[in-house]
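Derivation of every value follows stated rules applied to the coordinates shown; laboratory data play no part. Values in this document were obtained by computation on a predicted structure and should not be read as measured data. So basically every Cβ, Gly included, is an ideal-geometry build from the backbone, and we count neighbours across all protein chains shown.
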Amino acid sequence: MSETAKIISPIDGSVYAERPIATDVKAAVSAARAAQAEWRRVPVAERGRTILAFLDALLAMNDEITTELAWQMGRPVRYGGEKGGVEERTRAVVSFAEEALAPYFPPEKEGFRRYIAREPLGLVLVIAPWNYPYLTAVNTIVPALMAGNAVILKHATQTLLVGERFDMAFKKAGLPKGLFTNLVLSHAQTEKLIGSGRIDHINFTGSV
């Protein structure tokens, strides 16, 4: 029998959701690296349009997300999801990305051609926590994609449905296949992936 990850709801101690641990990690990494090689050549403005379409798709799921969060982490429904913060931060990153990613040219100096180019890192692994699970994830996922990177998301087991919602929204937005991948990983798998040499940047947000 395959290994699974379970969400134990703090509401009543029941198993709210259960998902199989990923068995295709190497394939996901290969697909992500291949997709990133193409994505890095996509103009920033076009990337932004895709990200805003993702945001629209995610916001359209807010009612379902709010209920899911209540069962996953015990947050009362009356406090809602994280819609406002997610929207504000996503739109902000998209709005300043073109300027932030543009080459910088210092004052001219005779005999020198000086410039600073902003290049994508490649494949980014995002390890996100259960508290504020949408905000903490979007804080890295959106900037990483806007900068021309591919993303693998390993969300906390307690809020693993968040990764599925991101995946659904990116698919609806038409993000190229392989560019964003949500993986349900064990601690051992995560450690192995980090040490594989195939991840170019890791963002880990802790939780208490």
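The angle separating the long axis of helix 83-101 from the principal Cα axis of greatest extent in the chain is about 20 degrees.
If you run the Gaussian network model on the chain, springs between alpha carbon atoms under 10 Å, then out of Glu98, Glu88, Glu38 the most flexible one is Glu88.
Whole-Hz Karplus values for segment 66-79 come out as 4, 5, 4, 4, 4, 6, 6, 10, x, 6, x, 4, 4, 8 Hz, taken residue by residue from phi with 6.51 cos²θ - 1.76 cosθ + 1.60 and θ = phi - 60°; glycine and proline positions read x. Springs join every pair of Cα atoms under 10 Å in this Gaussian network model of the chain, and among Leu153, Leu161, Leu101 the largest mean-square fluctuation is at Leu101. Close amide H partners of Ala17, meaning residues 5 or more places away or on another chain with modelled amide H under 5 Å apart, are Ile7. Axis of helix 44-59 versus longest Cα principal axis of the chain: the two differ by about 10°, to the nearest ten degrees. Both radii come from the Cα set of segment 24-107: Rg as radius of gyration, Rh as Kirkwood radius; their ratio Rg/Rh reads 1.11. Subtracting the Cα-Cα distance of Ala27 and Lys171 from 0.36 nm times their residue separation leaves 50.0 nm of extension gain. Applied to segment 2-14, the Karplus parametrisation 6.51 cos²θ - 1.76 cosθ + 1.60 on θ = phi - 60° returns per-residue 3J(HN,Hα) values of 6, 6, 10, 10, 10, 8, 9, 5, x, 5, 9, x, 7 Hz, with x for Gly and Pro. Candidate cross-link partners of Lys171 among the lysines, defined by an alpha-carbon separation under 26 Å and a same-chain spacing of 8 or more, comprise Lys6, Lys26, Lys83, Lys154.
Hey, what did segment 4-204 get for relative contact order, percent, Cα under 8 Å, at least 6 apart? The partial results should precede the final answer.
Values: 314 pairs, mean separation 60.8, N = 201.
For segment 4-204, the relative contact order is 30 percent.
Just checking the listed ones, Ile127, Ile194, Ile141: in the Gaussian network model of the chain with Cα springs under 10 Å, the one fluctuating most is Ile194. So, counting K/R as plus one and D/E as minus one, what does the shell of residues with Cβ under 10 Å around Phe105 add up to? Around Phe105, the charge tally is +1. The charge dipole of segment 4-204, taken about its Cα centre with unit charges on the Cβ atoms of Lys, Arg (+1), Asp and Glu (-1) only, comes to about 420 debye. Each 5 Å bin from zero holds the following percent of Cα-Cα pairs in segment 4-204: 1, 7, 15, 18, 19, 15, 11, 6, 3, 2, 1, 1, 0, 0, 0.
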